[in-house]
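The structure appears below as structure tokens.
The values are calculated or read from the model by the stated rules, or taken from the named source; none is laboratory data. All of these numbers come straight from a predicted model, not from anything done at the bench. So basically every Cβ, Gly included, is an ideal-geometry build from the backbone, and we count neighbours across all protein chains shown.
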């Protein structure tokens, strides 16, 4: 017996094709949100593992492990696509540049969390989307209105509240997440350009290949042979990094970036909880205030960009 698509098997009112499509889209969006929240949690675990490892091993070795062992989950990411096909690119120089930008961002952020609490470094690093908005003018030719400029300025004020330069309490390592945010913004711009010519799997593979090769060339100068716990943590951080990127890919397959972007700030909650549970760190009042300002600014920028895109259409 065939069932008409518009019928409800439980005898309820018929559902139109349009309503069914909207329901399916809503389910995909909810799944995308869950994946982006899960990615934030995985990246927080990665940061916690990196922070713990930097107490014993050089920062370069910790970054190397993050790249070298993420290859454990690469088969799950590329799926049935052959490696030779997946790694074929139409813009090799930009792929290499983008990968180096992410490598630099990783080094600066691991340096930061070695010295300061996870929540503090994560909060300052969240000015990345605001930097992306500012840099999109010279690099992408986009127009940024006065309201978004105000939001960008407010976000940087929030970062300064956390860093508190000139008040005698600022740790120099809190400036490292600003460098992370800068290089990550450039990395995001390169990602946007590459999305026009290469699939996400290709871009992900180049990130891993370039990062692993460069880190492997440098790590012998800083190498300290890990003990069993060290090896397990290094393998774990690499696998978690790969799973985090897999979650991101799955999230953006299911939902628009404009919908997912605000949920990226949930990572600040994870960083606070994990930092307190593992390292006993809890952000003070100025850090919480600055983080809230950065979150509000970033969400408002995403909202204004969404309105601008709809207006252009």
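Being surrounded by fewer than 22 Cβ atoms within 10 Å (Cβ to Cβ), modelled with pLDDT of 85 or more and either touching a helix residue (DSSP H, G or I) at 6+ places or on another chain (Cβ under 6 Å) or more than 16 Å from residue 246 (Cα to Cα) (or both): is that true of residue 38 here?
Working: surrounded by fewer than 22 Cβ atoms within 10 Å (Cβ to Cβ): yes; modelled with pLDDT of 85 or more: yes; either touching a helix residue (DSSP H, G or I) at 6+ places or on another chain (Cβ under 6 Å) or more than 16 Å from residue 246 (Cα to Cα) (or both): yes.
Yes.
Of the helices (runs of 4 or more DSSP H) lying entirely inside segment 76-127, those containing at least 3 residues that are at pLDDT 90 or above are 92-115, 118-125. None of 180, 225 is under 17 Å from the mean Cα position of the chain (by Cα), modelled with pLDDT of 90 or more and either under 17 Å from residue 64 (Cβ atoms) or assigned to a helix (DSSP H, G or I) (or both) except 180.
I'd like to know if segment 266-280 contains one or more residues that are under 16 Å from the mean Cα position of the chain (by Cα) and under 25 Å from residue 142 (Cα atoms). Spell out the reasoning first.
First, the residues of segment 266-280 that are under 16 Å from the mean Cα position of the chain (by Cα): 266-271.
Next cut, under 25 Å from residue 142 (Cα atoms) only: none.
Checked segment 266-280: no residue is under 16 Å from the mean Cα position of the chain (by Cα) and under 25 Å from residue 142 (Cα atoms).
Could you tell me whether segment 263-274 includes any residue that is without any contact (Cβ under 8 Å) to a residue 24 or more places away in the chain and under 28 Å from residue 83 (Cβ atoms)? Looking through segment 263-274, none of the residues is without any contact (Cβ under 8 Å) to a residue 24 or more places away in the chain and under 28 Å from residue 83 (Cβ atoms). The numbered conditions (1) within 17 Å of residue 242 (Cα to Cα); (2) at pLDDT below 85 are all true for residue 67 except (2).
Across segment 234-281, the qualifying residues are those that are modelled with pLDDT of 90 or more and not in a helix (DSSP H, G or I), and the one among them that is surrounded by the most Cβ atoms within 10 Å (Cβ to Cβ) is 281. Screening the candidates 196, 192 for the property of being assigned to a loop (DSSP other than H, G, I, E, B) and either in contact with a strand residue (DSSP E or B) (Cβ under 8 Å, 6 or more places away or on another chain) or modelled with pLDDT under 90 (or both) yields one hit, 196. The residues on offer are 164, 147, and the sole one that is over 18 Å from the mean Cα position of the chain (by Cα) and on the phi > 0 side of the Ramachandran plot is 164.
Residue-level check: of (1) surrounded by 14 or more Cβ atoms within 10 Å (Cβ to Cβ); (2) outside any loop (DSSP other than H, G, I, E, B); (3) over 21 Å from the mean Cα position of the chain (by Cα), residue 159 misses just (3).
How about segment 282-303: which of its residues are outside any helix (DSSP H, G or I) and surrounded by fewer than 21 Cβ atoms within 10 Å (Cβ to Cβ)?
So the first thing to find is which residues in segment 282-303 are outside any helix (DSSP H, G or I), and the list is 282-284.
Those that are outside any helix (DSSP H, G or I) and surrounded by fewer than 21 Cβ atoms within 10 Å (Cβ to Cβ): 282, 284.
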